[in-house]
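Notes follow once the structure below has been shown.
Read the figures in this text as sums done on the coordinates, not as results from a lab. All values derive from a computational prediction rather than experimental measurement. Don't worry about glycine lacking a Cβ; one is built from the backbone with ideal geometry, like all the others, and counts go over all protein chains shown.
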Amino acid sequence: MLQQLEELKLNALQELERIADLKELESWRVRYLGRKSALTGILRGLAGLPLDERKAVGARANVVKAALESGFGQKEQTLREAQLAPVKGKGVDVTLPGRSFPIGRLHPITQTINEICDIFISMGFQVVEGPEVEWDYYNFEALNIPKEHPSRDDMSTFWVDFETDSGERPMLLRTHNTSVSARTIEAMEPPIRVVEPGKVYRYEASDATHTPMFYNFDGVAVDKGITMADLKGTLYEFSRRYFGEDRKVRFRCDYFPFVEPGVEMAIECAVCHGKGCRFCRNEGWLEILGAGMTHPDVLRRGGIDPDVYTSFAFGMGIERMPMLRYGIDDTRLFYGSDLRFLRQF
């Protein structure tokens, strides 16, 4: 038994010298000093030995155990110092905090929607939403755009593959958020002041200012005595809060089937500051929204008497808001997943 202890000590110390990392060292400790190690087995078997042999073997086993524990401690200290040596050699302060992980954030379009909603909420509007897969009635007919109306040619539409018995396709991906305004006028009683953010879809080629899917932000107000002055005052206040008081704004007459009279609102180009460039098509201005006084027939279809109530409505492209504010010249950057661009917001 004594010779077995000496061989165990010799083999363990020789193996300990060859260990080069802390993981191997832990395996060595389990193998020679753990609960199931040979040394622990010898110590547990002392009770079965004669008294004289028990004393000699027990004393020697304790000496071997102490030698192995001491060797383990010295080896562990040596390996830990070796790990720190390269770091210290490079002049790195190991007491400094570690590198932080990158933190996710809201997409710039989502940030813009939230900011614009906050502006209109502070002016007494509430936020509503509607379906992206829409009926032809709310997207067109309820807004003064019947089947034979020429303005339908201006809207390249994604139609849903669903036909009625008469062969018509009554469902589509909404081409503008004004469809939500039609639903709102039909569902709510005046006074009404709502804004409606959401995705819209148009079958058109992508370029610096167009994508097949983009975000619209529409709004409608219905009450007694609403005039064009209320519309211009609301949009001027929005422009002042979002773009700043120094940004120039322009209103011009325009045509939309669901308003009469209609106007377009444009902001001075942030890229060329009115001089003309590729982004503004050399006009110096970029249209951001269409607006006007809601057509009486649209109110009438929603069950509101146009002789008692008047209304204004507007709709804008969300992507153009940060483009005009920050001078971004390509709307496709918002959907390219380029982190170098997205991390700037």
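Results, tabulated for the structure shown:
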read-out: Fewest-first sequence of MET188, MET228, MET265 by Cβ atoms within 10 Å of each Cβ; value: MET228, MET188, MET265
read-out: Pair ARG31, ARG99: separation of 7 Å Cα→Cβ label points (nm); value: 3.6 nm
read-out: Highest-MSF residue in the chain out of ARG29, ARG250, ARG281 [GNM, Cα springs under 10 Å]; value: ARG29
read-out: Estimated inter-spin distance, GLU81 and ALA20, nm [label 7 Å along Cα→Cβ]; value: 2.0 nm
read-out: Amide hydrogen neighbours beyond the local backbone of VAL127, cut-off 5 Å, H modeled; value: VAL195
read-out: Neighbour-count ranking [beta-carbon atoms within 10 angstrom, fewest first] of TYR32, TYR335; value: TYR335, TYR32
read-out: GLU260/ALA205 FRET efficiency (R0 22 Å; Cβ-Cβ; nearest 0.05); value: 0.10
read-out: Cys with no candidate disulfide partner in the chain (beta-carbon separation under 4.7 Å rule); value: CYS117, CYS253
read-out: Modelled label reach - PHE251, point 7 Å along Cα→Cβ, the stretch 271-300 residues with backbone N closer than 20 Å; value: 285-296
read-out: Inverse of mean 1/r across different Cα pairs in the chain, Kirkwood, Å; value: 26.5 Å
read-out: Rounded Å value of the spacing that divides the Cα centres of the stretch 296-345 and the stretch 101-150; value: 7 Å
read-out: Helical segments meeting 24 Å axial Cα length and Kyte-Doolittle -0.5 threshold in the chain (DSSP H); value: 51-89
read-out: Length added when fully stretched, GLN4-ASP165, from 0.36 nm per residue minus Cα-Cα; value: 48.4 nm
read-out: Rel. contact order, % - alpha carbon contacts under 8 angstrom, at least six apart, the stretch 223-345; value: 24 percent
read-out: Positive-end residue, the chain charge dipole about Cα centroid, Cβ charges, pick of GLN3, PRO97, TYR255; value: GLN3
read-out: The chain, relative contact order [Cα under 8 Å, separation at least 6], %; value: 14 percent
read-out: Prolate/oblate/rounded label for the stretch 2-89 (Cα gyration tensor, a/c 1.5); value: prolate
read-out: Amide N of the stretch 194-236 lying under 15 Å from the label point, which is placed 7 angstrom from the Cα of SER122 along Cα→Cβ; value: 234-236
read-out: Rounded Å value of the spacing that divides the Cα centres of the stretch 3-20 and the stretch 194-239; value: 82 Å
read-out: Hz values of 3J(HN,Hα) by residue in the stretch 160-169 - Karplus curve (6.51, -1.76, 1.60), Gly and Pro given as x; value: 7, 6, 8, 10, 7, 4, 7, x, 8, 10
read-out: Long-range tail of P(r) for the stretch 1-158 (Cα pairs > 21 Å, %); value: 72 percent
read-out: Length released on extending from VAL308 to ASP329, taking residue separation times 0.36 nm less the Cα-Cα span; value: 3.1 nm
